[in-house]
Amino acid sequence: MRVRIIAVGTRMPAWVGAGCDEYLKRLRPALKVELLEVPAGKRPAGAPAVRAIEEEAHKLLAALGDDDYVVALDERGKDFSTLELAQWLAGRMRGGANLALLIGGPDGFAPRVRSRANLTWSLSRLTLPHALVRVVLAEQLYRAHTVLAGHPYHRA
């Protein structure tokens, strides 16, 4: 199973890359997770965001494989406890389909991206900065994997 985090935005602060890389490196022996960045849509001052959202939708959908299991991260999505996430991840790993985790731009996803998603997942009901979502997502994937591996990282 191939896992990809496909995120809108290409100019992240150094701490984002360092945090994300740390958790993805820890995951690599067991689960290879790749980060793919797509450029944010152009948002001219005073122009409606819909054009940028559609531009991002085109790039996100173009990055997907036909058989990818697609998860859109959104605060209105399904929430998981750590143990529920671990069990969900185990099921995805057993299923074998490639997994694509989408992080949208600052104005969210276009309807056609939402309709392509097999699941909408909420990391939190709070609105998180998109840069922080990358780090939190990588850490939660690592935490779920440690639960499955019986590693003491997660203390329930």
Net charge of Cβ neighbours under 11 Å - reference R125; Lys, Arg +1; Asp, Glu -1: -2
Which angle between 0 and 90 degrees, to the nearest 10, do you get for helix 82-95 versus the longest principal axis of the chain when only C-alpha atoms count? 90 degrees
Using a ≥ b ≥ c from the Cα gyration tensor of region 51-128 (square roots of the eigenvalues), is it rounded, prolate or oblate, where a/c under 1.5 gives rounded and otherwise the larger of a/b and b/c decides, a/b for prolate? oblate
Does anyone have the angle between helix 14-27 and the longest principal axis of the chain? Alpha-carbon axes, 0 to 90°, nearest 10? 40 degrees
Once both labels are modelled 7 Å past Cα along the beta-carbon direction, what's the D107-L119 spacing in nm? 2.9 nm
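For every other residue with a beta carbon closer than 9 angstrom to the beta carbon of A49, add +1 if it is Lys or Arg and -1 if Asp or Glu, then tell me the sum.
On the way: positive: R43, R51; negative: D107.
Net local charge, A49 excluded: +1.
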Counting as exposed only trypsin sites (Lys or Arg not before Pro) in DSSP loop states with no more than 12 other Cβ atoms inside 10 Å, the longest exposed-site-free span of the chain is 43-124
Using C-alpha positions alone, give me the convex hull volume of region 73-112 per residue in cubic angstrom. 92 Å³
Rounded, prolate or oblate: pick one for the chain, where a ≥ b ≥ c are the square roots of the eigenvalues of its C-alpha gyration tensor, a/c under 1.5 means rounded, and failing that, prolate if a/b is larger than b/c, else oblate. prolate
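What does the charge add up to near Y153, with Lys and Arg as +1, Asp and Glu as -1, over the other residues with Cβ less than 12 Å from its Cβ?
Values: positive: R26, R143, R155; negative: E139.
Neighbourhood net charge equals +2.
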Considering only C-alpha atoms, what is the centroid distance from region 74-89 to region 116-156, in Å? 8 Å
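Given an 8 Å cut-off on Cα distances and at least 6 residues of separation, report the relative contact order of the chain as a percent. Show your work: numbers first, answer last.
On the way: 243 pairs, mean separation 50.7, N = 156.
After rounding, I find 32 percent.
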To the nearest 10 degrees, how steep is helix 50-62 against the longest Cα principal axis of the chain, on a 0 to 90 scale? 40 degrees
Between L102 and residues 5 or more places away or on another chain, which pairs have amide H atoms under 5 Å apart, with H built 1.01 Å from N, and which residues are they? I6, V71, A72, L73
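Coordinate-derived values only; no laboratory data. Note that the structure is predicted; figures quoted are calculated from it, not measured. Note that we place each Cβ from the backbone using ideal geometry, even for glycine, and neighbour counts take in every protein chain shown.
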